[in-house]
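Report on the structure given below.
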Amino acid sequence: MSPIAVFFRTLMKSSAVCLGAGIIFIHPSLDWSAGTSRGVTAQQSPTEAAVEGLMGALKDTDAGVRKQAAHALGELKSARAVPSLVE
């Protein structure tokens, strides 16, 4: 590969990194994941994200994991978790 091709390839990659970092600094509450087909979405608060993960942990096969998840959800006092806890 010629030195000029290496230069332009490096320039394009570093420009993409700088552009991405700039967008994150301008809009820190936006989620730019490639996995979403809906485009840009607002992120959940850390507590909401924790509740989502813990509600998923309530379905784990290990009883200890389910017990700890239920305890943590009780500490967070989230009304959204009640149906999952009852189940």
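The values are calculated or read from the model by the stated rules, or taken from the named source; none is laboratory data. Bear in mind that the values here come from a model prediction, so they are computed numbers and not experimental data. With ideal geometry, Cβ positions are generated from the backbone for all residues, glycine too; neighbour counts draw on all protein chains shown. We work out accessible area using only protein heavy atoms, side chains counted, and drop any ligands, DNA or RNA first. Shrake-Rupley method; radii C 1.70, N 1.55, O 1.52, S 1.80 Å.
Overview of values
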item	result
3J(HN,Hα) from dihedral phi, segment 58-64, Karplus parametrisation 6.51/-1.76/1.60, rounded to Hz, x for glycine, proline	5, 9, 5, 6, 7, 5, x
For peptides 59-70, 1-12, sequence by mean Cβ density within 10 Å, most packed first	59-70, 1-12
Candidate residues Lys77, Lys13: accessible-area rank, largest first, probe 1.4 Å	Lys77, Lys13
Karplus-derived 3J(HN,Hα), 6.51/-1.76/1.60, for each residue of segment 72-87, Hz, glycine and proline x	5, 5, x, 5, 6, 6, 8, 5, 5, 7, 4, x, 5, 5, 5, 4
